[in-house]
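Structure first, commentary second.
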Amino acid sequence: MAKSRADDEELRRACEPAVGGERVLVAVRVAKSRSILGKAGRFGLGRHMAKPRVLALTTTQPSKGQSHKAHLHVLKYSSGGVIEPAKLYKLKHLAKVEVVPNDNSGCTFMLGFDNLRSQSVTPPQWTMRNIDDRNRLLLHVLNVCKEILGHIPKVVGIDVVEMALWAKENIPTVNNEVKNQDGPVASVITQRDSQVTVERELVSQAEEEDMEALLGTYVMGIGEAEAFSERLKRELHALEAANVHSLLESEPLIQQVLLGLEAVTASVEDMDEWLRIFNVKLRHMREDIESIESRNNKLEMQSLNDQTLVEELDKLLERLRIPSEFAAALTGGSFDEARMLKNVEACEWLTGAISSLEVPKLDPCYANMRAVREKRAELEKLKVTFVRRASEFLRNYFASLVDFMISDKSYFSQRGQLKRPDHADLRYKCRTYARLLQHLKVPTALRCIDFFCGDNSTHLISCLLSVNNVQSLDKNCLVPLRKAYCHSLNLLLRREAREFANELRASTKASRNPEVWLEASTGSGQSPNNADTSTVSEAYAKMLTIFIPLLVDESSFFAHFMCFDVPALVSPGVPSNMKRAALDGDDANDDDLGIMDPDEDDTELNDISSEFGALNEALQELLDGIQEDFYAVVDWAYKIDPLRCISMHGITERYLSGQKADAAGFVRKLLDDLESRISMQFNKFVDEACHQIERNERNVRQMGVLSYIPRFATLATRMEQYIQGQSRDLVDQAYTKLVSIMFSTLEKIAQADPKYADIVLLENYAAFQNSLYDLANVVPTLAKFYHQASEAYEQACTRHINMIIYIQFERLFQFHRKIEDLMYTITPEEIPFQLGLSKMDLRKMIKSSLSGVDKLINGMYRKLQKNLTSEELLPSLWDKCKKEFLDKYESFVQLVAKIYPNEAILSVAEMRDLASM
């Protein structure tokens, strides 16, 4: 026993580091296992999976305001034999302690906890080394549960009395009481020296002594348990009979108690009756009080409602009152500049008054009141009167304003002086009154109030449209106003454009270049006039520089002036190098406006798409007709120099790329039409040039380089000088069309005389390459035709050289061809035996063909030189001719050596020496 206690003390000290400083009451070595197929036991299948563990029961010292805590630690051995924590159970969740019945030794038990996540998993089984270890651990567990937690778990399979007897024999206990803040409580103290646990027993000391005294009265053997049980039953029956007898003897006392209870019951019933009476009186009193409070609440509520009703009626009357000064301004006030402030205030008041009588600003219960309906009708009449008067005034004002400007010649260009259209005075007048309009605060009508231009009529129409936008009234009143404005301003813009274009053409000095570039009748040595016509394209650029920004400004101003629901304004995209070119010393106008790209907000774009449609239709009416003056400038420039269409196309493309898709739609359409017009005029020039080329076919016989070949090079050089921006495609299309016609015409002219066809082709293709060599290096389209001409030149050279060679050495190469044809059908050894191909025939042919071979070679040179008009081509052609002849002759020599091995023939080296002489 002493050794066991020493081992337990050593095990407890070893467990203290692993439990985190908690106090170890007991530590026992166990074997952990699980039941398999419902079988378990000390020697069952579960033992085959047993793992050594240590169960340690610990408690924590309570801090201030807290209670004891008890834990059951499961410890395991590490690879180095050190005890380390494996699992922790809180003892307050221990619900059951069950000894496994299959283990006959009784050393295996299970602990059931009520907080396990999966109750379906079989809890582990713990197997002790002996019964003493089991009893010692379970006894400490039960004592701690009873002492600290106030309850004990359910115990299954263990005799509690037997365990208590074991505890009395093996673990002497001492009861101590420790004072704490809550009073005396029993504490669990382990005496280290004697290994005695001082705790409450499962039965009290007095009960244990009574049981010992009872058992001591019976002197019985160990095997007489049944007799002992029968004796206890008899004595129990005797005790019960004695108890019944004592109860019967106490009947008089019971009768006295019952009489006393009846008297008390009567008193209680009387008291209950009195309480019911007082309760009824209190209930009636409470009902009276509640009735009084209810009447008081109703009176108070009625008073509040009356007060609120008076306030609401006062507000409603205030809404229904029409100030006399506003009524006078709306029905008969003047639209002079001095009266505009009053008109603005009256319009603002009318807008607010109408909106205040509409739901939701007005309570729906008031909407159908007679007074409200009558006042609403009166306000509607005032509004209609004001709209009619203002519309009539504005229509007359627009016409008079434009008539005044048209009648003053100083607004337009005059002879010797170009005049930039200037509307700065109108916009200055607008800014004078712009701040007055900010009081209206209507988003759609006053989106960009600071940018309006005009006089006091601008404020008038803003006020008018503010009412329309807020109340969604007769929006058709905008249509005649827009038409009147468009009609008046259209007359002014067309007059300005016409006068400017006329003076621009009159002041531009430029020599006229003829349209005939590729005509054959002018002679190959002549070239069209190369006069400088840059002033023509400069005049066109000046026209765009002046009027395109002006038209964009007018379009943007019109969009906001007439209250189209379009995005905010931004500067229009005009090329920076052309924007506001200086003219007559005038400063650039900083009032240019454009329309912001609506792609910034897809939702807003969807909402205003219909507005853009209406705006573009109105802009068409505002600016329609002005394009004719631009067309006149384009046609005038074309007549002076058709090639200036190229530079004008590039200028137009730059302006077009700077315009937004939805900004001033008519301006973009105008630029598109100008670009199409320029392209049409240039295509007209190209078509005429093609007709000039095709007229070369009418000549009966033409030798040498055709006149349009070098002239095309001059034309292409001039066209490349005029290219600007995106006009590259326009010029490339012209190149493709012209060169295709040139080549097809050249082929037709060459076929007119087949005898000289190759000579005509090779000379003209060579001239085409020589004249376009520099341009082909920088222009991809011309490079393509350059390579095409090079291939055609090589083919013509090959055909012409082969013809000359066959003329001079016809028999030689006919003999060669016969041999080659026969080699497809018979063997080389059989060829000398064929008719006309014998060795004798070979010798005769060589003698007749190669005698005086130097003269024949000179004959080839003279024949090559005879019909060639371009002397510079002769050296290269003669070199190609010699090379082709020597290649053919070498092939003939090799064939002869193969068919006629012993025949002597002039070698290739000797023939080469003769050809190089």
**Report entry** Centre separation in Å (Cα based) which lies between the stretch 859-917 and the stretch 640-660
**Finding:** 58 Å
Query raised in the report: To the nearest 10 square angstrom, what accessible area does residue 114 show with a 1.4 Å probe?
Result: 100 Å²
Query raised in the report: Relative to the compact globular guide of 2.2 N^0.38 Å, what is the alpha carbon radius of gyration of the stretch 803-911, as a ratio?
Result: 1.19
Requested in this report: Compute, for residue 827, the solvent-accessible surface of its heavy atoms (probe 1.4 Å) with the complete set of protein chains present, and express it in square angstrom to the nearest 10.
Outcome: 60 Å²
Query raised in the report: List the lysines whose alpha-carbon lies under 24 Å from that of residue 87, not counting same-chain residues fewer than 8 positions away?
Result: 32, 51, 69, 76, 96, 146, 154
Requested in this report: Compute the accessible area per residue over the stretch 765-917, keeping the other protein chains in place, probe 1.4 Å, unit Å².
Outcome: 57 Å²
Query raised in the report: After finding the eigenvalues of the alpha carbon gyration tensor for the stretch 275-364, what semi-axes result from the square roots of 5 times each, listed largest first in whole Å?
Result: 60, 11, 7
Report task. Could you calculate, for the stretch 348-423, the ratio of the Cα radius of gyration to the Kirkwood radius, expressed as Rg to Rh? Result -> 1.41
Requested in this report: Show which lysines lie in cross-link reach of residue 839 when reach means a straight Cα distance below 25 angstrom and same-chain residues fewer than eight apart are skipped.
Outcome: 818, 847, 888, 898
Report summary line: Check: C-alpha center the stretch 58-80 vs C-alpha center the stretch 771-847, spacing in Å is 112 Å
Report task. May I ask you to give the percent of accessible area on the stretch 108-170 that is carbon plus sulfur, with a probe radius of 1.4 Å? Result -> 53 percent
Requested in this report: Compute the Kirkwood hydrodynamic radius of the stretch 704-795, taking the inverse of the mean of 1/r over all pairs of distinct Cα atoms, and give it in Å to one decimal.
Outcome: 13.5 Å
Report summary line: Shape call for the stretch 281-334, from the Cα gyration tensor axes a ≥ b ≥ c (a/c under 1.5 means rounded, otherwise prolate when a/b beats b/c, else oblate), comes out prolate
Query raised in the report: Two-decimal Rg/Rh of the stretch 733-848 from alpha-carbon positions, Kirkwood Rh?
Result: 1.24
Requested in this report: Could you pull the accessible area for residue 303 with a 1.4 Å probe, rounded to 10 Å²?
Outcome: 70 Å²
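The values are calculated or read from the model by the stated rules, or taken from the named source; none is laboratory data. Keep in mind the model is a prediction, meaning the values are calculated, not measured. SASA here: full protein model, heavy atoms, side chains in, ligands and nucleic acids out. Shrake-Rupley method; radii C 1.70, N 1.55, O 1.52, S 1.80 Å.
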